[in-house]
Amino acid sequence: MRRKDYFDAFFALLGSFLIIYIVLPIALTFTKQAEELNLFFETIQDAVVLDALKNSLLTSTATAIVSLFFGIPLGYVLARKEFKNKSLIQGIIDVPIVIPHSVVGIILLTTFPNKILDSYLGIVMAMLFVSSPFTINSARDGFLAVDDRLEQVARSLGATKLKTFLTISLPLALPSIFSGAIMTWARAMSEVGAILIIAYYPKTAQILVLEYFENFGLKASMPISVLLIAISLTLFAFLRWVVGRAKG
């Protein structure tokens, strides 16, 4: 028993390094910003900052909605159907995760040069490209976890495929889908590289942080960074809580 306890403790100690590595910079950033509260309050009242933040929140939310609209059906097909080149399709879905995001901006701008440049559409398309795999994969995993015999029983009782999907499959897979939507929103909210190339304007908060850092230095960019972290963590924690309640 002691050997097992030592083993678990050792692994916990190793794993705690990553926890500390994540928490420490965030905590120190908030601590340093607390010493400059006047600058923080001045920054968050700036109309440019508020407008950029609004753009980030709206485009990230729009991206999550679009991703759900197209990702849920695709996830269901991948979970329930076997077809030729299925593994290839699943591989293509994960491609955006491995492509450098500046390259994403280049390829989208090459494909849609006049339609997405410096526009809200361009921002959403950049966000959608890099974040949609989270929705699709989570939807697929959620539907895989639903026993297909439940669907068969519903169909045998006269339910249509659509009714079976809406009343059986979708509700049972919803917690997983919701988790994927959260990750999609979070990934969209954090995107910089592709947006920087496609749509420097209208300005998003992610781009504004970079602009302030390049033009005015670390001190000037910190308040916007703290604001973004606080909003993202708050919404992320709330949505995770909602998912937890749904699963419970």
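Details
- Filtering the stretch 189-219 to residues that are among the polar types (S, T, N, Q) and surrounded by 15 or more Cβ atoms within 10 Å (Cβ to Cβ) leaves S190, T204, Q206.
- Residue match in the stretch 216-225 (condition: aromatic (F, W, Y) and in contact (Cβ under 8 Å) with a residue 12 or more places away in the chain): no
- Selected residue (criterion: nearest to I168 (Cα to Cα)) from residues of the stretch 80-90 that are modelled with pLDDT under 90 and surrounded by fewer than 11 Cβ atoms within 10 Å (Cβ to Cβ): K81
- Highlighted here are the helices (runs of 4 or more DSSP H) found entirely within the stretch 103-175 that include at least 3 residues which are over 21 Å from the mean Cα position of the chain (by Cα): 148-156, 161-164.
- Filter pass, I44 being closer than 30 Å to D148 by Cα, surrounded by 10 or more Cβ atoms within 10 Å (Cβ to Cβ) and touching a residue at least 24 places away in the same chain (Cβ under 8 Å): no
- For the stretch 7-23, the criterion of being surrounded by 15 or more Cβ atoms within 10 Å (Cβ to Cβ), of a type in the set (D, E) and out of contact with any helix residue (DSSP H, G or I) (no Cβ under 6 Å at 6 or more places or on another chain) is met by none of the residues.
- Residue in the stretch 43-51 that is hydroxyl-bearing (S, T, Y), within 24 Å of S190 (Cβ to Cβ) and within 21 Å of the chain's Cα centre (by Cα) present: no
- Any pair with Cβ under 6 angstrom, 6 or more apart, that starts in the stretch 13-41 at a residue that is touching a residue at least 24 places away in the same chain (Cβ under 8 Å) and ends at one that is among the polar types (S, T, N, Q) and surrounded by 13 or more Cβ atoms within 10 Å (Cβ to Cβ): F40/Q33
- In the set F30, F17, F10, only one residue is more than 28 Å from the chain's Cα centre (by Cα) and of a type outside the set (A, V, I, L, M); that residue is F10.
- Looking only at the stretch 135-169, and only at residues there that are farther than 16 Å from P73 by Cα, among the aliphatic types (A, V, I, L, M) and surrounded by 12 or more Cβ atoms within 10 Å (Cβ to Cβ), the one that is modelled with the lowest pLDDT: A159
- You will find that of V98, V77, the residue that is under 21 Å from P171 (Cβ atoms), hydrophobic (A, V, I, L, M, F, W, C) and without any contact (Cβ under 8 Å) to a residue 12 or more places away in the chain is V77 and no other.
The values are calculated or read from the model by the stated rules, or taken from the named source; none is laboratory data. Keep in mind it's a predicted model, so treat the numbers as computed, not measured. Neighbour counts are summed over all protein chains in view; Cβ atoms, including those assigned to glycine, are modelled from backbone coordinates with ideal geometry.
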